[in-house]
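Following: one structure in C-alpha cells, then a few remarks.
None of the figures in this text is laboratory data; all of them are computed from the coordinates on show. These numbers come from a predicted model, not from an experiment. Positions of Cβ are generated from backbone atoms using ideal geometry, with glycine treated the same way; all protein chains shown enter the neighbour counts.
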Amino acid sequence: MDKPEEKKELDSLEIAKNCVQVCEDSKAQDILLFDVRERQSMVAEYYIVCSGTSMPHIRAIADHVKKAMLEAGLRPRGTDGEPESRWMVLDYGVVLVHVLEPEMRNFYQLEELWDETKVVYRSTPAKPSVGFAGR
C-alpha cells in the first residue's frame, strides 16, 4: 500500500514568494515585498504591499491569494477590510498581504515604515498616464 503524499511545510519566504506570484498573476500593480525579520516588534516576517486598480480588482487579487494559499494548505489567520473599503489585508501569520487602491496607498504610505534595504522584491512600476511619457 502506498503512503499518502506528505505536504511539505512552506517556510515564511516561500509563502511570501507564493503570495507575490499570485499578486503578479492577478495583475496587481507596484508590488513590494519587505523582509522585516530583524524587527522583533513586527507582527510578521514579510509584508507584501500591492495596488489594485478598482474595487473588483482588489477583491480578485485577495480571492486569488486566498485560493492559492488554501491549495498550499494554508488558511489566513484573519482578513480585514472589504473591497469597498479600498484596502484588504490577509494575515498568514508570518506574511501579511496588503492590497490597496492607489489613492489609499499614497495616503497611508505603508512603504515608509521600512527603508529600501528591507525590499527583497519590487515589481515593475505601473506605466505613467498618457501625456506624461517622455517628461
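Descriptive notes on the structure:
- The stretch between GLU71 and GLU84, if pulled fully straight at 0.36 nm per residue, gains 2.0 nm over its current Cα-Cα span.
- Paramagnetic reach from VAL119 (point 7 Å along Cα→Cβ, amide N under 13 Å) across the range 46-76: 49-50
- Space enclosed by the convex hull of the alpha-carbon atoms of the range 12-122, per residue, Å³: 91
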